[in-house]
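> My structure is below; once you've seen it, I'll send some questions.
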Amino acid sequence: MTAFAIRRPFLILRDLVTSRERPDLDRLARVSDPEGFGWAILPHAARTFSACIAMMPARAALPSAVAYLYCRMLDTYEDLQPAPATREASLRAFAARLTSPDGTPEGRRLQPAPAIHSAADRDDRDRAHLLLVRRAELVDAVFVTFDERTRAVVRDLVRDMAEGMCWSSSTFAAQGGALRDEPQLSTYCRHVLENPAVFGIRLLKLEHGAAPELSPAQCEDAMLVGEMVQIANITRDIEKDLKRGIAYDRALANDLSRDAANERD
């Protein structure tokens, strides 16, 4: 904890000067220390949240960073795997691996993350996310150092996020890339950010020596916060999502068709 308190100001300063638009992919590919890699790539995975994670209590900061990196990997499968069946299989396999040691003592080594052989990457930020997936074993090496209760909280988050993304994948595929109504939008938002909100509360309860279970009222508060924040994220990314064939409102269906035609041209 003392070492992290010393390291924290440097992480925050680096976060302020790191270019999200032009990540140094060669440098990130050369980092070999697991924890060093996690902190180095976090600003490219978490954007504005990376500084918030660095300011968390020492016992919670590193598990939060690992959990966010795992969720970014799930996002990468969801965003850049064009085939729904491959996407959903990858999401479920990635989550399952957190409980499947690869022939070694429990929790000491995880099976490899599913590879992304064909990706719809569009910019350097996407390529940084693909690099994160390719180097998942470095994040795993940090994950397995946590105590079992912390691993369980991270594991639950990744499992629930993966299942929510599979729901989204199948729903968008069945409905031509667009959500049908406000209840579906609410379900989507809660899948995306309710689970991280629940994770944060559970992790901080562990930080204070309490059991990580949540009351129904705490779960509902997390749902409402997650829904509000994700609607803001959707608004920010409307144009990028339309280009990849996703619309969160039926009123955007015509724009979705026009962008798809432009992509073909």
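> Please turn the phi angles of the stretch 178-192 into ³J(HN,Hα) values with the Karplus equation 6.51 cos²θ - 1.76 cosθ + 1.60 (θ = phi - 60°), one per residue in order, whole Hz, x for glycine and proline.
10, 6, 8, 7, 5, x, 5, 4, 4, 4, 4, 4, 5, 4, 6
> I've got another one for you. Around Val153, with a cut-off of 14 angstrom between Cβ atoms, what is the net charge of the other residues, counting Lys and Arg +1 and Asp and Glu -1? Write out the running numbers ahead of the final one.
Values: positive: Arg59, Arg149, Arg151, Arg155, Arg159, Arg202, Lys205; negative: Asp147, Glu148, Asp156, Asp160, Glu207, Glu213.
Computed value for this residue: +1.
> Additional query: Hey, any idea what Rg/Rh is for the stretch 9-84, computing Rh the Kirkwood way over Cα pairs? Display every interim value, and only then the final one.
Working: Rg = 12.9 Å, Rh = 13.1 Å.
Rounded to two decimals, Rg over Rh is 0.98.
> Give the separation of the Cα centroids, the stretch 7-48 to the stretch 129-159, in Å.
So the two Cα centres are separated by 17 Å.
> Right, next: As a check on your grasp of the helix formula, calculate [θ] at 222 nm for the chain: sum -39500 (n - 2.57) over DSSP H runs of n ≥ 4, divide by the residue count, round to the nearest 500.
Working: 14 runs with 183 residues, N = 265.
After summing the helix terms and dividing by residue count, I get -22000 deg cm²/dmol.
> Treating only the Cβ atoms of Lys and Arg (+1) and Asp and Glu (-1) as charged, compute the dipole magnitude of the chain about its Cα centre; round to the nearest 20 debye.
Working: 35 positive and 39 negative charges, 136 e Å.
So the magnitude is around 660 debye.
> Can you tell me which of 144-151, 57-64 comes out highest on packing, and rank the rest after it, using the mean Cβ neighbours within 10 Å?
Going by the mean number of other Cβ atoms within 10 Å, highest first, we get 57-64, 144-151.
> So for the chain, taking the charge dipole from beta-carbon charges (+1 Lys/Arg, -1 Asp/Glu), which of Cys219, Thr187, Leu11 sits furthest toward the positive end?
The residue sitting most towards the positive pole is Leu11.
> Looking at the stretch 146-199, I'd like the Rg to Rh ratio, where Rg is from alpha-carbon atoms and Rh is Kirkwood's inverse mean 1/r.
Details: Rg = 13.4 Å, Rh = 12.1 Å.
Looking at the stretch 146-199, the ratio lands at 1.11.
> So how strong a dipole does the stretch 56-184 carry about its Cα centre when Lys and Arg Cβ are +1 and Asp and Glu Cβ are -1, to the nearest 20 debye?
Here the size comes out at about 340 debye.
> Could you work out how far helix 2-17 tilts from the main Cα principal axis of the chain, as a 0 to 90 degree angle to the nearest 10?
30
> Let me ask you something else. Convex hull over the Cα atoms of the chain, averaged projected area in nm²? Before the final figure, lay out the partial values.
Working: hull surface 58.7 nm².
Hull-based average projected area comes out at 14.7 nm².
> What does the C-alpha gyration tensor say about the overall shape of the stretch 140-265? Classify as rounded when a/c is under 1.5, otherwise prolate if a/b is larger than b/c, or oblate. List each step's numbers first, then the result.
Details: a/c = 3.02, a/b = 2.08, b/c = 1.45.
Verdict is prolate for the stretch 140-265.
> Moving to a separate point now. Got a number for carbon plus sulfur as a percent of the stretch 82-204's accessible area, 1.4 Å probe? Before the final figure, lay out the partial values.
Working: 2910 of 5530 Å².
Carbon and sulfur atoms account for 53 percent of the accessible area of the stretch 82-204.
> Going by amide H atoms built from the backbone, whose H comes under 5 Å of the H on Leu110, apart from near neighbours?
Those qualifying (amide H under 5 Å, at least 5 residues apart or on another chain) are Asp102.
> I'd like to check one number: the per residue accessible area of the chain, probe 1.4 Å, reported in Å² as a whole number.
Values: 13380 Å² over 265 residues.
Heavy-atom SASA per residue in the chain reads 50 Å².
> At a temperature of 25 °C and a viscosity of 0.890 mPa s, determine how fast the stretch 76-231 diffuses translationally according to Stokes-Einstein, using the Kirkwood radius over alpha-carbon pairs as Rh; express D in µm²/s, rounded to the nearest whole number. It would help to have the intermediate numbers written out before the result.
Numbers: Rh = 17.0 Å.
Translational diffusion coefficient: 145 µm²/s.
> Now a separate question. Can you classify the stretch 1-148 as rounded, prolate or oblate using the Cα gyration tensor, where a ≥ b ≥ c are the square roots of its eigenvalues, rounded means a/c under 1.5, and otherwise it's prolate if a/b beats b/c and oblate if not?
Values: a/c = 2.02, a/b = 1.18, b/c = 1.71.
Because a/c hits 1.5 or more and a/b fails to exceed b/c, the stretch 1-148 counts as oblate.
> Starting from the 7 Å offset along Cα-to-Cβ, what nm value, one decimal, do you get for the label separation of Glu21 and Ala210?
Roughly 4.3 nm, to one decimal.
> Same structure, new question: I want to check the label-to-label distance for Ala232 and Leu28. Put each point 7 Å from Cα in the C-beta direction and report it in nm to one decimal.
For Ala232 paired with Leu28, the spin-label model returns 2.4 nm.
The values are calculated or read from the model by the stated rules, or taken from the named source; none is laboratory data. Here the structure is a predicted model, which is why all the values come from computation and not from measurement. Cβ coordinates were reconstructed from backbone atoms using ideal geometry, including for glycine residues, and neighbour counts include every protein chain displayed. The area values use the complete protein model at the heavy-atom level, side chains included, leaving out ligands, DNA and RNA. Shrake-Rupley method; radii C 1.70, N 1.55, O 1.52, S 1.80 Å.
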